Amino acid sequence: MNWANQHCLLTGASGGIGQAIARTLAESGVQLILQGRNEQALQALANSLPGTHQIVVADISSSQGRDELIRQLARFPAISMLINNAGIAPFGELQSMSDEDLEQTIQTNLLAPMALIRALLPAMKKRSEAYIVNVGSTFGSIGFACQSLYCASKFGLRGFTEALQRELAGSSVNVFYLAPRATQTTINSDDVVAMNKALGNQVDSPELVAKALKAQLQQGLRRKFIGFPEKLFVRINGAFPSLVDNALVKKLPIIKKFAAQHAKEILV
Ligand SMILES: NC(=O)c1ccc[n+]([C@@H]2O[C@H](COP(=O)([O-])OP(=O)(O)OC[C@H]3O[C@@H](n4cnc5c(N)ncnc54)[C@H](OP(=O)(O)O)[C@@H]3O)[C@@H](O)[C@H]2O)c1
């Protein structure tokens, strides 16, 4: 991988994992187009990184916002690397979720990566090498109570990625799926952080995820699941889901307690 030749569009660059990926890639010589909705945060990040980077402000949760992002990309050098990292994670029982929650989750986590890839693919295919990374989650392989919308979006993203990997086999476009486990960022509300602690779930740093992404690209690993025992549970869930049903049902009272607490807090 010739990092210094890469022009990378990184979505969700202002977030916890996004900032860490931006720093890791910038330190390797990649030129970045940093996307998010907060211009100030993106500019501050761009200024803090080694090298020269661009920012693009866009809301990718609507087709108009995505079209606007794609229009703005014409100002920049052709993209050789796309990292679909932006995401949201509503927490709670399904009945507490609004229509907006349903729509925003699927739009941001699933439709946006699909639409961005579709728009950029023709130009990427003309390059000698191009790279796409979709940032999924352990919850893209394991259904978890009170994360049903998030799981639906990330299961979808994993299926989409796998189909695309197979569709583009033999082309110059290399497609990757990276599944972090719980990571210390503000996507996780205080209640989710407390729940992870109560459940004994390991939490990684965003820097660890960024390092894993770089290593995955370097090694050409199509799928990467971060963390043990999570990667083992992913396999067990695929082969023997009832074993995981039984393990998770024991945790349900704890999960529901924190979901109820969260629902009360967002009403205040
Ligand atoms: N943290 C975890 O525990 C964890 C675990 C597994 C997988 N992941 C995945 O890792 C990725 C990054 O998450 P994170 O933990 O870094 O979350 P984060 O800190 O909340 O960052 C989310 C990023 O997505 C952007 N974003 C959200 N909605 C957007 C929209 N409508 N339009 C444009 N940008 C939008 C945010 O931009 P703004 O600044 O504009 O809000 C922000 O840059 C996500 O795909 C997430 O699902 C995270």
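Nothing in this text is a laboratory measurement; each read-out follows from the coordinates by a stated rule. The structure displayed is predicted, hence computed values, not measured ones. A quick note on method: Cβ atoms are made from the backbone with ideal geometry, for glycine too, and the neighbour counts reach across all protein chains shown.
A crude spin-label estimate for the pair N2 and E100, with each label 7 Å from Cα along the Cβ direction, gives 4.8 nm. Summing charges over all other residues whose Cβ lies under 15 Å from the Cβ of L32, with Lys and Arg as +1 and Asp and Glu as -1, gives +2. Angle, helix 148-167 long axis vs. longest principal axis of the chain, Cα atoms, 0 to 90°, nearest 10? The helix 148-167 is inclined about 40 degrees to the chain.
Extending 7 Å from the Cα toward the beta-carbon at both F76 and S242 defines two label points whose distance is 5.0 nm. When Rg and Dmax are taken over the Cα atoms of the chain, they come to 18.3, 54 Å. When the range 3-267 is described by a simple charge dipole with +1 on each Lys and Arg Cβ and -1 on each Asp and Glu Cβ, the residue from L252, Q104, Q218 located farthest towards its positive end is Q218.
Legend: calculated FRET efficiency, K250 to S28, from the Cβ-Cβ distance at R0 = 35 Å, rounded to 0.05, equals 0.20.
Net charge of the neighbourhood of N237, taken over other residues with C-beta under 12 Å away and scored Lys/Arg +1, Asp/Glu -1, is 0. Annotated for the range 3-267: lysine pairs at least 8 residues apart or interchain, Cα distance under 14 Å, count 5. Residue separation of I266 and E93 scaled by 0.36 nm, minus their Cα-Cα distance, works out to 61.0 nm of gained length.
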